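The values are calculated or read from the model by the stated rules, or taken from the named source; none is laboratory data. Computed from a predicted model, the values in this text were never measured in an experiment. Methodologically, a virtual Cβ is constructed for each residue, glycine included, from the backbone with ideal geometry; neighbour enumeration extends over all protein chains shown. Please note that ligands, DNA and RNA were not included when accessible areas were found on the heavy atoms of the full protein model with its side chains. Shrake-Rupley method; radii C 1.70, N 1.55, O 1.52, S 1.80 Å.
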Amino acid sequence: MKTHAPQPYRFRYQLGDITLMAITRQVQNVELAVDAALALPALLRGALKPDWAQFDALIVRGVVPFDDEKRVRKINGLIAYTISAYQHCVIDLTGTFDHYRAKFSSKTRANIQKKIRNVATESGGTIDFRSYQSSAELRAFFGIAQSLSSQTYQTKLLDAGLPTDATFIENALTEADAGKIRAFLLFVGAKPAAYLYCPIENGRVIYAYLGFHPEFGRLSVGTVLQWLALEKLFSERGLKVFDFTEGDSPHKRLFSTQAPQRQNVVLMPARFSNFVFVASHIACGRLSSGIGFALEKLGLRVMVRRLLRR
C-alpha cells in the first residue's frame, strides 16, 4: 500500500470526453498493488486510518470489488463511493518479447505488423522510434513531447496531457538520473506523432502519459509506439511488470497479460454536503452514459468521438 501526501484533486463532471465542470477537493490517494489488493472493509479494519483534519476525501485505488453492485454505501460512519470500476491491466515483463508475442493470435500479430508497415511507408520506408532514459535525453524528450501533447485530445478534452510545470520536470530529471524513467517518441516523417512517458518503481513500469497527434490517428500510432516500447522494455533486465494503472480501454486489454477486476473508492465523512456531491456526480455520469447509448443506437458514437478529438 502506497500513501501519497494530500493534494488538490479535480472531480470532473463529464459528458463523454468533454469536461463540463470540476470540483476541487483536498484528497489523499492510497494505491494498492495489483497483486496485494484487499476489499475495503478489511482495509478499514487494518492500516487504513483516515485523518480528516488533513484532507477532505480519501481515494483508495485498486480495491477488490464488493460482492454487490452498489456504488454508494456507509462503512464505519463514512460514505464509500465507488467512483470507477475497471480491469487493472498489466503485462508481465519477466519473460522474453518472443514469448509475449505468442500470446497474440496470428491475426492480431499480422494487424500490428501492418500498422507498423503503414507508419514506415508514411515515413519514407523507415521507423523513427526513439527512447529516452538519462536526464540529458529526457530534456530533449520534453522539448518535443510537450509541444506534441498540447495538440492531443488527451490535453484538449481530458486535461490529461504531459505536465509542463517546472516542479514536474525537475523531479523527472532527478528520477532519470536514478534510472527511474523511460520515455519514448514515434515520428512520422519529420513530425512527432506519439509519445509515451513511464516512471519506474521497484521494477514496475507505470503507464503515466500517452498521447498522439490527431493527424496521425488513422495510422494507429499509439498502438505502434506501445508495441515498439514494449519490445525495448522486454530487452532490459530487472523490469517486472508494465502497469497500465487504473482505467479500462481496448488498448490496455489488447496488450495486457493479466486484468483482475478492481475499483477506486472515495471515502468521505457522512455529511449532507458530501451526499449531495456524490448524488450530483453520479447523475452526471448516468446522463453521459445515456447520451452515449443513444448515439450508439443511432450509429453516431464513433463519428462524434472522432469529431471531438479533432
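With respect to the conditions (1) surrounded by fewer than 13 Cβ atoms within 10 Å (Cβ to Cβ); (2) closer than 24 Å to residue 187 by Cβ; (3) not charged (D, E, K, R), residue 151 falls short on a single one, namely (1).
For segment 233-257, the set of residues classified as open to solvent by less than 70 Å² (accessible area, probe 1.4 Å) and touching a strand residue (DSSP E or B) at 6+ places or on another chain (Cβ under 7 Å) consists of 233, 239, 241, 242, 243, 244, 245, 246, 247, 255, 256, 257, listed by residue number. Among the residues of segment 103-129, those identified as without any contact (Cβ under 8 Å) to a residue 60 or more places away in the chain, in a loop (DSSP other than H, G, I, E, B) and exposed (fewer than 12 other Cβ atoms within 10 Å of the Cβ) are 105, 125, 126.
Here is a yes/no grid of residues against (1) under 18 Å from residue 265 (Cα atoms); (2) open to solvent by 10 Å² or more (accessible area, probe 1.4 Å); (3) outside any strand (DSSP E or B); (4) not β-branched (Val, Ile, Thr):
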{"site": "50", "(1), (2), (3), (4)": "yes, yes, yes, yes"}
{"site": "54", "(1), (2), (3), (4)": "no, yes, yes, yes"}
{"site": "59", "(1), (2), (3), (4)": "yes, no, no, no"}
{"site": "94", "(1), (2), (3), (4)": "no, yes, yes, no"}
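Out of curiosity, is residue 175 within 26 Å of residue 94 (Cβ to Cβ), assigned to a helix (DSSP H, G or I) and acidic (Asp, Glu)? Taking the combined requirement at face value, the residue satisfies it.
Can you find a residue that is within 21 Å of the chain's Cα centre (by Cα) and among the small types (Gly, Ala, Ser) anywhere in segment 231-251? Yes, the conditions are met somewhere in segment 231-251.
Do we find that residue 67 is in a loop (DSSP other than H, G, I, E, B), without any contact (Cβ under 8 Å) to a residue 40 or more places away in the chain and under 16 Å from residue 264 (Cα atoms) in this structure?
So residue 67 fits the description; yes.
Number of residues in segment 189-218 that are open to solvent by 10 Å² or more (accessible area, probe 1.4 Å), part of a strand (DSSP E or B) and closer than 17 Å to residue 130 by Cα: the value is 6. In summary, residue 151 fulfils each of the numbered conditions (1) closer than 30 Å to residue 15 by Cβ; (2) in contact with a strand residue (DSSP E or B) (Cβ under 9 Å, 6 or more places away or on another chain); (3) not in a loop (DSSP other than H, G, I, E, B); (4) not β-branched (Val, Ile, Thr) with the single exception of condition (3).
Open to solvent by 30 Å² or more (accessible area, probe 1.4 Å), free of Cβ contacts under 8 Å to residues at least 12 places away in the same chain and either more than 27 Å from residue 256 (Cβ to Cβ) or not in a loop (DSSP other than H, G, I, E, B) (or both): which single residue out of 98, 35 fits that description?
One residue alone meets the criteria, 98.
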